[in-house]
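Here is the structure we will look at, set down as structure tokens.
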């Protein structure tokens, strides 16, 4: 096969020393709550994440991915409940 060099996109680094899975979950839940409850925050994230996408279909898919956090797409909040919400959102692979 000669002098063929294989280049892969491997790990880009390791988590920071103060990283923890628990903290990551807490921050992710906080981010989800902001998307659900703060229209301005949600719109700013949509502009930031979807704005640079030039393909019309992909741009629309990006915008649609935020619909679950809008007033009509959000799950019923568990305000006043002593049990935590068990809604897990993942756009893994999208």
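Can you find a residue in segment 71-94 that is surrounded by 11 or more Cβ atoms within 10 Å (Cβ to Cβ) and at pLDDT 70 or above? No - not one qualifying residue is present in segment 71-94.
Those residues that are assigned to a helix (DSSP H, G or I) and over 12 Å from the mean Cα position of the chain (by Cα), I need them from segment 26-49; list them, please. So that I can check it myself, show each step before the final result.
Step one: filter segment 26-49 for residues assigned to a helix (DSSP H, G or I), giving 26-37, 39-49.
Answer for segment 26-49, where residues must be assigned to a helix (DSSP H, G or I) and over 12 Å from the mean Cα position of the chain (by Cα): 26, 36, 37, 39, 40, 41, 43, 44, 47, 48.
The values are calculated or read from the model by the stated rules, or taken from the named source; none is laboratory data. The shown structure was predicted, so the numbers you read here are calculated from the model rather than taken from an experiment. Here Cβ is always computed from backbone atoms with ideal geometry, including for glycine, and neighbour counts include all displayed protein chains.
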